[in-house]
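Engineer: The structure follows.
The values are calculated or read from the model by the stated rules, or taken from the named source; none is laboratory data. No experiment lies behind these values; they were computed from the predicted model shown. FYI the Cβ positions are ideal-geometry reconstructions off the backbone, even for glycines, and counts take in every protein chain you see. Areas reflect the complete protein model, heavy atoms only, side chains present, ligands, DNA and RNA absent. Shrake-Rupley method; radii C 1.70, N 1.55, O 1.52, S 1.80 Å.
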Amino acid sequence: MSKPLSDQEKRKQISVRGLAGVENVADLKTNFNRHLHFTLVKDRNVATKRDYYFALANTVRDHLVGRWIRTQQHYYEKDPKRVYYLSLEFYMGRTLQNTMVNLGLENACDEATYQLGLDMEELQDMEEDAGLGNGGLGRLAACFLDSMASLGLAAYGYGIRYEFGIFNQRIVNGWQVEEADDWLRYGNPWEKARPEYMRPVHFYGRVEHNSDGVKWVDTQVVLALPYDTPVPGYKNNVVNTMRLWSAKAPCEFNLKDFNVGGYIQAVLDRNLAENISRVLYPNDNFFEGKELRLKQEYFVVAATLQDIIRRFKSSKFGSTEVVRTDFSTLPDKVAIQLNDTHPAMAIPELMRILVDEEKLQWDKAWDICVRTCAYTNHTVLPEALERWPIDLFQNLLPRHLEIIYEINRRHLERIAAKYPGDNDRLRRMSLIEEGGQKKINMAHLCIVGSHAVNGVARIHSDIIKASVFKDFYEVDPHKFQNKTNGITPRRWLVMCNPGLADVIAERIGEDFIRDLDQLKKLLRFEDDDALIRDIAKVKQENKLKFAAYLEEHYKVKINPESMFDVQVKRIHEYKRQLLNCLHIVTLYNRIKKEPRKQWTPRTIMIGGKAAPGYHTAKMIIRLITAIGNIVNHDPVVGDRLKVIFLENYRVTLAEKVIPAADLSEQISTAGTEASGTGNMKFMLNGALTIGTMDGANVEMAEEAGEDNLFIFGMRVEEVEEMDKKGYHATEYYNRIPELKQAIDQISGGFFSPSQPDLFKDIVNMLMHHDRFKVFADYEDYIKCQEKVSALYKNPREWTRKVIQNIAGSGKFSSDRTIAQYAREIWGMEPSLAKIAAPDDPR
């Protein structure tokens with residue numbers, strides 16, 4: 001019998017990882033050794049694994065810089081329209097492997113490191129995740145950067161270089177414990193500081209109205225220092241830029257005014273200014289109206305707009321003298337996309353620059369502003385909508401408050417002319433919400449100040465037009481669009497699941513990586529025994545690999561033959577991890593009741609972070625770990641049911657668990673999950689979905705065929721109907737014995753014998769004020785899960801459905817999403833053309 005292939009030999013055979021040419025490998029080894037030699041400190045002659053990682057990262061980075069410089073030169077010469085994607089979050093994860101994939105260097109690097117006696121996967125594990133995001137919104141921004149570069153768009157991602165990203169999660173005695181994410185501790189080889197582009201940002205002060213215009217004076221200044229990270233397109237030699245701003249105190253900070261605390265205290269107080277870029281706010285779908293957060297939002301906007309206008313004014317490479325003074329062409333050269341309302345201050349800030357500094361007439365400036373900006377809405381949950389208290393603005397950004405008042409005055413004048421006497425409509429549509437304390441509704445500001453407003457899945461865009469922003473849709477129906485989210489197939493298939501990518505490439509070639517719709521060609525093979533066998537084999541290998549990972553890192557042994565049933569996402573009531581818990585308890589009770597029955601074995605994995613201030617979410621984690629503790633130690637159950645809480649879920653863990661999943665849980669109450677993107681990743685990686693008709697699940701069912709997903713639960717219309725007539729949890733509790741049993745066990749301390757009333761708050765919420773109607777969907781969910789278990793017993797039929805899902809997932813490439821943004825919002829044309837490589841003659 002031939003001896004089994006090593007991991008490295010297996011990787012070598014995978015064609016989608018690029019060719020390992022002899023010259024290429026030799027060059028990589030030479031450059032690796034050069035970097036290793038020069039990054040090692042003189043008095044240290046033994047290299048650590050981290051030294052090897054940095055040597056490899058810098059070697060790969062060398063392949064980026066020539067393309068990066070050439071791409072930027074290309075933009076200066078051609079002077080195309082540029083798109084600026086403004087986001088307070090970019091959830092990038094690791095960069096090394098993604099860069100190798102997009103440059104076609106993966107096999108060459110693997111071979112080079114192997115010849116040097118190193119294992120590339122071990123080196124990759126040294127890299128810290130860039131966790132500058134909370135979840136979907138931040139990861140979407142990262143996928144969009146990849147697609148914009150791969151489609152040859154002159155695009156820039158602008159955000160904040162948080163010193164501390166999303167916290168690391170530890171589970172201690174079943175509870176979530178947060179620790180700071182010091183991701184920059186060892187340095188970041190992918191960023192380049194650009195102090196020559198430092199920009200001042202102003203806060204506080206007062207406004208002077210003179211005959212020669214308006215001045216914002218006596219402000220406090222914070223400097224914005226940019227750090228650039230290259231963003232490579234897929235094998236097209238394009239390298240775009242993500243520019244993240246870091247806050248610096250100016251040298252004279254607190255020293256210019258006579259400071260009683262003296263010199264030492266003045267220098268220590270520089271921290272106050274620099275705190276702006278210290279830490280990411282860890283809330284997902286929740287608004288916390290803190291002054292520091294408003295400072296962050298204005299900081300990124302003010303620095304970015306200065307950059308945009310500098311670049312607009314001087315279009316030619318290396319030229320600093322101004323060539324453009326006429327701002328009427330700004331919308332032809334610049335598109336600004338607002339990723340949710342977090343960068344909404346771009347609208348009043350652009351108005352301030354055009355009116356106060358460039359001296360344009362209001363009407364002209366407003367026309368330019370609206371034609372330049374576009375807004376993406378990400379949620380309809382009321383607690384997530386940004387509403388800033390006016391007194392905070394008055395103090396921090398007094399000129400912007402005046403501008404917002406003027407925008408609102410003209411906006412309401414227009415509405416009043418259209419609907420004379422309809423004062424209630426004026427109240428509903430105002431940018432200023434009256435009441436206890438007056439607040440600015442940032443979503444209303446974004447809609448009024450943008451030429452396009454989009455939701456992120458068809459059902460979400462419909463809900464926006466029908467309810468949340470109905471009044472605005474009636475006035476400006478042309479503004480409202482849909483752009484269903486997508487994911488990059490480079491990271492989420494080629495990189496994280498090379499085995500599956502290769503099985504696909506063997507059948508339909510490699511072009512699907514650039515044009516994911518080509519996955520439809522797999523339908524010709526839906527009954528092909530060889531493909532069915534290969535797909536199932538890749539899944540089994542991924543499961544074995546993930547099982548080994550869990551055993552190594554979490555000391556838990558799982559049955560790789562069991563169904564891997566996975567729900568990974570932020571912990572939130574609307575995402576209904578509690579519904580999953582009720583299924584686990586029900587399944588447990590059924591096994592206990594009939595231990596001799598042939599149950600389909602399951603390993604149920606739930607992972608995700610809870611916002612540190614979100615008590616209910618933290619209790620949900622405690623409940624999951626408590627249920628796991630009972631279930632996993634019950635000898636009657638054995639390995640037919642295991643419950644694992646996946647600690648510290650993040651991009652890098654997603655890349656490991658998603659390729660190993662059999663079942664994807666997408667079970668939010670219909671009408672609450674704007675789109676979801678994890679759902680798409682599971683679909684592309686050969687898991688089947690159990691889900692409600694919510695977000696992009698609706699379109700996934702449409703693309704793959706509803707019979708190929710496990711759809712259950714109320715539809716949006718039924719949820720609305722129930723809201724009208726009232727939801728009464730006790731009716732379900734009294735009518736459904738298994739539900740009553742599960743709830744009684746949770747509330748009676750069966751899962752928390754040492755603290756019997758530990759979960760009384762959760763049970764009380766479920767019984768008396770559950771906005772997300774967990775019990776209403778319980779019965780249908782349990783029945784649907786029975787269908788899942790039955791199908792899993794028929795591997796061939798299961799895998800046929802998997803193939804239909806993969807074949808139907810082409811729509812959910814972020815390349816398609818970005819092509820639609822480009823054509824329908826930004827007025828740009830995407831291109832799959834390569835640009836010249838740095839070593840090509842120009």
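Engineer: Among (1) modelled with pLDDT under 95; (2) farther than 19 Å from K81 by Cα; (3) aromatic (F, W, Y), which single condition is W362 missing?
Structural biologist: Among (1) modelled with pLDDT under 95; (2) farther than 19 Å from K81 by Cα; (3) aromatic (F, W, Y), W362 violates only (1).
Engineer: Just to check your reading of the model, which residue among K192, K215 is open to solvent by 60 Å² or more (accessible area, probe 1.4 Å), under 30 Å from S831 (Cβ atoms) and either among the basic types (K, R) or within 28 Å of the chain's Cα centre (by Cα) (or both)? Break it down into steps so the answer makes sense when it comes.
Structural biologist: Details: K215 fails: under 30 Å from S831 (Cβ atoms).
After applying the criteria, what remains is K192.
Engineer: Scan the range 618-633 for residues that are out of contact with any strand residue (DSSP E or B) (no Cβ under 7 Å at 6 or more places or on another chain) and either over 11 Å from S752 (Cα atoms) or not in a helix (DSSP H, G or I) (or both) and jot them down. If you could, list the steps in order and put the result at the bottom.
Structural biologist: Filtering the range 618-633 down to residues out of contact with any strand residue (DSSP E or B) (no Cβ under 7 Å at 6 or more places or on another chain) leaves 619-620, 623, 626, 629-630, 633.
Correct list: M619, I620, H633.
Engineer: Got a sec? Which of L544, L550, L587 is open to solvent by 10 Å² or more (accessible area, probe 1.4 Å), touching a residue at least 40 places away in the same chain (Cβ under 8 Å) and among the hydrophobic types (A, V, I, L, M, F, W, C)? Quick ask: steps written out before the conclusion?
Structural biologist: Details: L544 fails: touching a residue at least 40 places away in the same chain (Cβ under 8 Å); L550 fails: open to solvent by 10 Å² or more (accessible area, probe 1.4 Å).
Residue meeting the stated conditions: L587.
Engineer: Then there's this: If you check every pair at least six apart or on different chains, which have Cβ atoms under 8 Å apart with a residue in the range 472-484 that is within 17 Å of R823 (Cβ to Cβ) first and a residue that is outside any loop (DSSP other than H, G, I, E, B) and basic (K, R) second?
Structural biologist: Matching pairs, first to second residue: F480/K465; N482/R458; T484/R458; T484/K811.
Engineer: Residues A149, A154: which one is among the hydrophobic types (A, V, I, L, M, F, W, C), touching a Lys or Arg at 6+ places or on another chain (Cβ under 9 Å) and touching a residue at least 12 places away in the same chain (Cβ under 8 Å)?
Structural biologist: It is A154.
Engineer: Identify, by number, the condition in (1) free of Cβ contacts under 8 Å to residues at least 40 places away in the same chain; (2) open to solvent by less than 10 Å² (accessible area, probe 1.4 Å) that T71 doesn't meet.
Structural biologist: Single failed check for T71: (1).
Engineer: In the range 369-388, how many are of a type in the set (V, I, T), surrounded by fewer than 21 Cβ atoms within 10 Å (Cβ to Cβ) and touching a helix residue (DSSP H, G or I) at 6+ places or on another chain (Cβ under 6 Å)? Let's see the steps before the verdict.
Structural biologist: So the first thing to find is which residues in the range 369-388 are of a type in the set (V, I, T), and the list is 370, 372, 376, 379-380.
Of the ones still in play, those that are also surrounded by fewer than 21 Cβ atoms within 10 Å (Cβ to Cβ) are 370, 380.
Then drop every residue that is not touching a helix residue (DSSP H, G or I) at 6+ places or on another chain (Cβ under 6 Å), which leaves 380.
Summing the residues that are of a type in the set (V, I, T), surrounded by fewer than 21 Cβ atoms within 10 Å (Cβ to Cβ) and touching a helix residue (DSSP H, G or I) at 6+ places or on another chain (Cβ under 6 Å) in the range 369-388 gives 1.
Engineer: Among I658, I667, I690, which is the only one that is over 21 Å from N542 (Cα atoms) and at pLDDT 95 or above?
Structural biologist: Details: I658 fails: over 21 Å from N542 (Cα atoms); I690 fails: over 21 Å from N542 (Cα atoms).
The conditions single out I667.
Engineer: Test M714 against the criterion of being open to solvent by 10 Å² or more (accessible area, probe 1.4 Å), touching a residue at least 60 places away in the same chain (Cβ under 8 Å) and in contact with a helix residue (DSSP H, G or I) (Cβ under 7 Å, 6 or more places away or on another chain), and give yes or no.
Structural biologist: Working: open to solvent by 10 Å² or more (accessible area, probe 1.4 Å): yes; touching a residue at least 60 places away in the same chain (Cβ under 8 Å): yes; in contact with a helix residue (DSSP H, G or I) (Cβ under 7 Å, 6 or more places away or on another chain): yes.
In short, yes.
Engineer: Which condition number in (1) in contact with a Leu (Cβ under 8 Å, 6 or more places away or on another chain); (2) farther than 17 Å from G135 by Cβ; (3) not in a helix (DSSP H, G or I) is the one that E561 fails?
Structural biologist: (1)
Engineer: Can you tell me which residues in the range 814-827 are open to solvent by 20 Å² or more (accessible area, probe 1.4 Å) and under 21 Å from P331 (Cα atoms)?
Structural biologist: Restricting attention to the range 814-827, the residues satisfying the condition of being open to solvent by 20 Å² or more (accessible area, probe 1.4 Å) are 816, 820, 823-824, 827.
Residues satisfying the conditions are Q820, R823, E824, G827.
Engineer: Would you mind stating whether E406 is among the charged types (D, E, K, R) and in contact (Cβ under 8 Å) with a residue 60 or more places away in the chain?
Structural biologist: no
Engineer: A further question follows. Inside the range 496-518, can you point out the residues that are in a helix (DSSP H, G or I), crowded, with 18+ Cβ neighbours inside 10 Å and of a type in the set (A, V, I, L, M, F, W, C)? Show your work before the answer.
Structural biologist: Kept after step one, since they are in a helix (DSSP H, G or I), are these residues of the range 496-518: 498-508, 511-513, 516-518.
Those still in the list that are crowded, with 18+ Cβ neighbours inside 10 Å too: 498-505, 512-513, 516.
Within the range 496-518, L500, A501, V503, I504, A505, F512, I513, L516 meet the criteria.
Engineer: Going by the conditions given, is I368 assigned to a helix (DSSP H, G or I), at pLDDT 95 or above and closer than 30 Å to V217 by Cα? Break it down stepwise before answering.
Structural biologist: Working: assigned to a helix (DSSP H, G or I): yes; at pLDDT 95 or above: yes; closer than 30 Å to V217 by Cα: yes.
Taking the combined requirement at face value, the residue satisfies it.
Engineer: Still on this structure, I have one more. Would you tally the residues in the range 767-787 being surrounded by fewer than 19 Cβ atoms within 10 Å (Cβ to Cβ), among the acidic types (D, E) and within 16 Å of R735 (Cα to Cα)?
Structural biologist: Matching residues across the range 767-787 total 2.
Engineer: Among the residues of the range 231-245, are any touching a strand residue (DSSP E or B) at 6+ places or on another chain (Cβ under 9 Å), over 20 Å from N339 (Cβ atoms), in contact (Cβ under 8 Å) with a residue 12 or more places away in the chain and in a strand (DSSP E or B)?
Structural biologist: Yes, some residue in the range 231-245 is touching a strand residue (DSSP E or B) at 6+ places or on another chain (Cβ under 9 Å), over 20 Å from N339 (Cβ atoms), in contact (Cβ under 8 Å) with a residue 12 or more places away in the chain and in a strand (DSSP E or B).
Engineer: May I pose another question? Considering the range 524-541 alone, what residues qualify as being open to solvent by 70 Å² or more (accessible area, probe 1.4 Å), farther than 22 Å from R17 by Cα and in a helix (DSSP H, G or I)?
Structural biologist: First, the residues of the range 524-541 that are open to solvent by 70 Å² or more (accessible area, probe 1.4 Å): 524, 527, 529, 533, 537, 541.
Applying the additional criterion that residues be farther than 22 Å from R17 by Cα yields 524, 527, 529, 533.
The answer is R524, D529, R533.
Engineer: Here's a follow-up. Does the range 114-140 hold any residues that are open to solvent by 10 Å² or more (accessible area, probe 1.4 Å) and part of a strand (DSSP E or B), and which are they?
Structural biologist: Hit for the range 114-140 is A130, nothing else.
Engineer: Please find, within the range 43-59, the residue that is farthest from I835 (Cα to Cα) out of those that are without any contact (Cβ under 8 Å) to a residue 60 or more places away in the chain and buried (at least 22 other Cβ atoms within 10 Å of the Cβ).
Structural biologist: Step one: filter the range 43-59 for residues without any contact (Cβ under 8 Å) to a residue 60 or more places away in the chain, giving 43-48, 51, 55, 59.
Remaining after also requiring buried (at least 22 other Cβ atoms within 10 Å of the Cβ): 55, 59.
Numbers: A55: 28, T59: 22 Å.
Looking at residues that are without any contact (Cβ under 8 Å) to a residue 60 or more places away in the chain and buried (at least 22 other Cβ atoms within 10 Å of the Cβ), I get A55.
Engineer: Here's something else I'd like to know. I'm trying to understand the selection: among the residues of the range 78-113, which are in a loop (DSSP other than H, G, I, E, B) and of a type outside the set (D, E)? If you could, list the steps in order and put the result at the bottom.
Structural biologist: Step one: filter the range 78-113 for residues in a loop (DSSP other than H, G, I, E, B), giving 79-81, 87-89, 94-95, 104-105.
Correct list: P80, K81, S87, L88, R94, T95, G104, L105.
Engineer: Select from the range 31-42 the residues that are over 20 Å from E122 (Cα atoms) and either open to solvent by less than 100 Å² (accessible area, probe 1.4 Å) or among the aliphatic types (A, V, I, L, M) (or both) and list them in ascending order.
Structural biologist: V41
Engineer: Which of the residues belonging to the range 634-647 are open to solvent by 10 Å² or more (accessible area, probe 1.4 Å) and in a loop (DSSP other than H, G, I, E, B)?
Structural biologist: Selection gives D634, P635, V636, E647.
Engineer: Please find, among L96, L132, L103, the residue that is at pLDDT 95 or above and touching a Phe, Trp or Tyr at 6+ places or on another chain (Cβ under 6 Å).
Structural biologist: Numbers: L96 fails: touching a Phe, Trp or Tyr at 6+ places or on another chain (Cβ under 6 Å); L103 fails: touching a Phe, Trp or Tyr at 6+ places or on another chain (Cβ under 6 Å).
From the options L96, L132, L103, the qualifying one is L132.
Engineer: Could you tell me which of the residues M683, M693 is under 21 Å from the mean Cα position of the chain (by Cα), surrounded by 15 or more Cβ atoms within 10 Å (Cβ to Cβ) and over 15 Å from V788 (Cα atoms)? If you could, list the steps in order and put the result at the bottom.
Structural biologist: Numbers: M693 fails: under 21 Å from the mean Cα position of the chain (by Cα).
Result: M683 is the single residue among M683, M693 that is under 21 Å from the mean Cα position of the chain (by Cα), surrounded by 15 or more Cβ atoms within 10 Å (Cβ to Cβ) and over 15 Å from V788 (Cα atoms).
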